[in-house]
1. Just a yes or no: is a residue in region 158-168 within 16 Å of the ligand (Cβ to nearest atom) and in a strand (DSSP E or B)?
2. Counting just the residues of region 88-147 that are within 16 Å of the ligand (Cβ to nearest atom) and among the small types (Gly, Ala, Ser), which one comes out nearest to residue 168 (Cα to Cα)?
3. Any residue at all in region 143-152 that's more than 18 Å from the chain's Cα centre (by Cα) and of a type outside the set (Lys, Arg)?
4. Would you mind finding the one in 132, 164 that is under 17 Å from residue 93 (Cα atoms) and surrounded by fewer than 15 Cβ atoms within 10 Å (Cβ to Cβ)?
5. Given (1) at pLDDT below 95; (2) in the same structural domain as residue 126 (by TED's automatic domain parsing), identify the lone condition not met by residue 68.
Amino acid sequence: MARIAIGAPRASLSWYGASVSLSFLLASCSSANEAAPGSGSGASSTVIGCANDPRADTYGANMSKVGSAKALTFVLVSASPAPPAINDNTWTLKVLDASGNPLPNATFSAIKTWMPDHGHGAPETPMATANADGTYTVQPLDLFMNGLWQITFTAQAGAVSDSATFSFCIGG
Ligand SMILES: [Cu+2]
């Protein structure tokens, strides 16, 4: 046992050199394999999804969208689940005025769910409920199938009205 332990450092040094040259060999080997046709590794790439769809937003907490009228900004404070996923989702939203101040008394004339490639939305109309901290809880967001979903908020605050759309790829 003791003899093995004493000899180990020198052995591992020489093995280090050996493994470096071995990894070079493996690297050139795997490159050759990737270039070879019919390896089968690319079979799943034929599935059409929205993972790389340029219309889709990348979810992040506090992501924001300036409304089309540039009057209100819609902040997706958080999503549950995060990132948005298939079936039931609940979002926490904040609405800001043009100066960036939160608007706790906004009203939502429409919250629309839509799959642009399928021509339909979710069966239930989402509702926004005001919270004490000035945010709004938005539910139900029943994103019930895979694909690109657009969620459009139209809100009023005083004389100002604006709308913005969040787009997410559900299911890849
Ligand atoms: Cu659909």
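The values are calculated or read from the model by the stated rules, or taken from the named source; none is laboratory data. Since the model is a prediction, treat every value here as computed from it, not as a measurement. We place every Cβ from the backbone using ideal geometry, glycine too, and count neighbours over all the protein chains shown.
1. Here is the first cut: in region 158-168, the residues within 16 Å of the ligand (Cβ to nearest atom) are 167-168.
Those left that are additionally in a strand (DSSP E or B): 167-168.
Looking for residues that are within 16 Å of the ligand (Cβ to nearest atom) and in a strand (DSSP E or B), one finds at least one in region 158-168, hence yes.
2. Result: 147.
3. Looking through region 143-152, none of the residues is more than 18 Å from the chain's Cα centre (by Cα) and of a type outside the set (Lys, Arg).
4. 132
5. Of (1) at pLDDT below 95; (2) in the same structural domain as residue 126 (by TED's automatic domain parsing), only one is false for residue 68: (1).
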